[in-house]
């Protein structure tokens, strides 16, 4: 099951139907770690996946998800509106006080709008916690509870692993304290693990995405 990013990106458990379980955490995990605004300085930088549409930036200001939305505008709209102008392969008027590269596709101009969303740090409702020198959890706030995503740094690479489980049946039998609530869409299970229970969950309940590579500084 692919959880994905929780902004636009966000990353979340979705598409639940009757008879299925959806799991959340009552508190940001792990309980024995203090919240952080960002990762250690040696991991700062931008990480990209050549086959993906999302990149991640880490700085002293926090953690950011960066994506590009591909859009189109007709050549007729550009010609007939004083708001838009195309010069030397750049489209003016879609971004305030700036231009974006564009290409011609038949009777349209195709361009990309860069989106940069803070997913951890000051101003974000998500909670970043440090597991050890190279691993962090971002606890995404969702429906008043938390869904963790694991970030692991190794040299110039970043691995991201999403919280994952089978929708059918009972998951995480080793977690003793759970709170259930029923609705027409299924059962919401609120997990309240001890530190030891979460360590066991951490070893078994995360699925990796493709690897992201750190972009070399210009």
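Below are the figures for this structure:
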{"read-out": "Three-way shape call for region 68-115 based on the alpha-carbon gyration tensor, with the a/c threshold at 1.5", "value": "oblate"}
{"read-out": "Point-to-point label distance, residue 185-residue 204, nm (Cα→Cβ direction, 7 Å offset)", "value": "2.8 nm"}
{"read-out": "Label-to-label distance, nm, for residues given as residue 167 and residue 113 (7 Å Cα→Cβ offset)", "value": "3.1 nm"}
{"read-out": "D (Stokes-Einstein, µm²/s), Kirkwood Cα radius, the chain, 0.692 mPa s at 37 °C", "value": "168 µm²/s"}
{"read-out": "At R0 = 30 Å, FRET efficiency that the Cβ-Cβ distance of residue 59 and residue 88 yields, to 0.05", "value": "0.40"}
{"read-out": "Extension gain, residue 20 back to residue 105 (0.36 nm per residue minus Cα-Cα distance, nm)", "value": "26.1 nm"}
{"read-out": "Efficiency of FRET from Cβ geometry, residue 122 and residue 77, R₀ 35 Å, rounded to 0.05", "value": "0.35"}
{"read-out": "Label-to-label distance, nm, for residues given as residue 98 and residue 36 (7 Å Cα→Cβ offset)", "value": "2.8 nm"}
{"read-out": "Helix-only mean residue ellipticity at 222 nm for the chain, each DSSP H run of n ≥ 4 adding -39500 (n - 2.57), per residue, nearest 500", "value": "-2000 deg cm²/dmol"}
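Bear in mind these aren't lab numbers, they're just calculated from the coordinates by the rules spelled out. Note that the structure is a prediction, hence the values are computed from the model and not measured. Cβ sites come from the backbone with ideal geometry, for glycine too, and all protein chains shown count toward neighbours.
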